Amino acid sequence: MTAIQSPRSGKIAPQYKRSGGSKGNFEMLAWLFMRLSGVVLVVLIFGHLFVNLLVGEGIHAIDFGFVAGKWADPFWQFWDLAMLWLAMLHGTNGVRTIINDYAEKDATRFWLKVVLYAASAVIVILGTLVIFTFNPCPVVDGVQLPGGFCPAP
Amino acid sequence: MWSWVGHRITGVVIFFFLLVHVLDTSLVRVSPEAYTAVIGAYKNPLMALGETGLVAAIIFHAFNGLRVIAVDFWKKGAKYQRQMLWVVLALWLVTFAGFAIRHLSLALGGH
């Protein structure tokens, strides 16, 4: 009997390595992130659509007071923050994959991704700041806007 | 193959809507009037159709994404991928019909 060595055992000659070395296992982590965030996003987004569009008067109920009422509650602040970050990272990575697949020129790929990452960073930072610096009980022209969640003036 | 194409197209559509949706929601930080004015644009009948189309894309992307996860992580996932696509399409039809009836009757039904 001759023992046949498993081709994948031991060291792999550098020219056959699938990862670029310096990249580490970023692509595998990105792949895993898409699946983990995807499951969470199904719950977060279906919940978001149900509560905002299907309950009560649906879309007619949405105005400043509706958003203020939700974000007066840390539960919805956290819900929306998780949705913002997970959806933006999930979407940005998805579009990154599509750019890598279809933009053939190195320079085109590079610049499309620069635009993508810049846009995503702006949206994530803006959204995060809005959720946490938002005042659900503004005083307009000296009048406290009505809202059951606001302290009496 | 077509489910893969559909997954990409719906993904891109949802991503671009997400960018706009964060921007419009950010107007709550500007002023109550600014937000209410812009959100009013979402309440006209044409936009109601757009929202319904967007949710159709979201529901497909959600269920097909769960199917992709099942193909990748479930031992028999690859074997049953075709049957799971039919399950995805059936769930899509039921969920979308439920959403469309409720949302369109609210949005178009007058107020």
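Brief remarks on what is shown
- Some residue of segment A:109-120 being in contact (Cβ under 8 Å) with a residue 24 or more places away in the chain and more than 18 Å from B:ILE14 (Cα to Cα): no
- A single entry from B:GLY11, B:GLY65, B:GLY77 fulfils the requirement of being of a type outside the set (A, V, I, L, M, F, W, C), within 30 Å of A:ASP101 (Cβ to Cβ), open to solvent by less than 70 Å² (accessible area, probe 1.4 Å) and more than 10 Å from chain A (Cβ to nearest Cβ): B:GLY77.
- Here A:GLY47 fulfils each of the conditions (1) more than 10 Å from chain B (Cβ to nearest Cβ); (2) open to solvent by 40 Å² or more (accessible area, probe 1.4 Å); (3) under 21 Å from B:GLU51 (Cα atoms); (4) not hydroxyl-bearing (Ser, Thr, Tyr) apart from (2).
- Evaluated against (1) under 26 Å from B:LEU27 (Cα atoms); (2) open to solvent by less than 70 Å² (accessible area, probe 1.4 Å); (3) modelled with pLDDT of 95 or more; (4) of a type in the set (Ser, Thr, Tyr), A:THR133 falls short on exactly one condition, (3).
- Complete set of residues in segment A:78-89 that are crowded, with 16+ Cβ neighbours inside 10 Å and away from every other protein chain (no Cβ under 12 Å): A:TRP79
- Number of residues in segment B:80-111 that are under 29 Å from B:PRO45 (Cβ atoms), open to solvent by 80 Å² or more (accessible area, probe 1.4 Å) and away from every other protein chain (no Cβ under 14 Å): the value is 1.
The values are calculated or read from the model by the stated rules, or taken from the named source; none is laboratory data. Small disclaimer: the values here were computed from a predicted structure and weren't measured. With ideal geometry, Cβ positions are generated from the backbone for all residues, glycine too; neighbour counts draw on all protein chains shown. Ligands, DNA and RNA are excluded from the accessible area calculation, which covers all protein heavy atoms including side chains. Shrake-Rupley method; radii C 1.70, N 1.55, O 1.52, S 1.80 Å.
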